[in-house]
Amino acid sequence: MPDDRTHQVALTEAAFRIANERMSDWSERHAGGERELYLCECGVQPCRKRVPLTREEYESVRSDARHFLTVPGHAIPDLETVVQVFPEYEVIEKPTALLDLLTETDPRDARSGEATGRAQELADDLGEAATGG
């Protein structure tokens, strides 16, 4: 059973993933297949760094519910593992013990629950902070 800190960091990272998913739905972002800016999905607060990725790179990270993208150096070593390293970003993997929470908060999964609501609230806060609202 994950402790409170592990759970909170996972919710924070899930909120960034939700915010990125919302942005990835904007069709104008995909014109020309160029790199797009995504939010770093780390649990380091108050990170608002951006990661340049192609749509294909983003989809590769999203292919596993336990994977999140971060800027280099933003992994939290006692809570997650860096599984891929690229010049502009890293892919981190959350432990299997968090799979239920990560699946529940994954916007591409049909499940929902208390964790989903909390992660969506955090994502809403991220959107308001980004737009000054």
Q) Do we have any residue at all in the range 83-90 that's of a type in the set (D, E, K, R), within 11 Å of GLU13 (Cβ to Cβ), buried (at least 19 other Cβ atoms within 10 Å of the Cβ) and touching a strand residue (DSSP E or B) at 6+ places or on another chain (Cβ under 6 Å)? A) no
**Q.** Qualifying residues in the range 74-105 (those that are part of a loop (DSSP other than H, G, I, E, B) and among the acidic types (Asp, Glu)) - the one nearest to TYR58 (Cα to Cα)
**A.** GLU88
Q | Scope the range 22-46; condition surrounded by fewer than 19 Cβ atoms within 10 Å (Cβ to Cβ), modelled with pLDDT of 85 or more and farther than 15 Å from GLU90 by Cα; matching residues | A | ARG35
Q: Just need a number here: residues in the range 50-68 that are in a strand (DSSP E or B) and more than 14 Å from SER24 (Cα to Cα).
A: 2
Q. Any chance the range 17-30 includes a residue that's under 22 Å from ASP4 (Cα atoms) and either assigned to a loop (DSSP other than H, G, I, E, B) or among the acidic types (Asp, Glu) (or both)?
A. no
Q) Can we say GLU56 is farther than 17 Å from ALA19 by Cα and crowded, with 20+ Cβ neighbours inside 10 Å? A) no
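The values are calculated or read from the model by the stated rules, or taken from the named source; none is laboratory data. These figures come from a predicted structure and were not determined experimentally. Methodologically, a virtual Cβ is constructed for each residue, glycine included, from the backbone with ideal geometry; neighbour enumeration extends over all protein chains shown.
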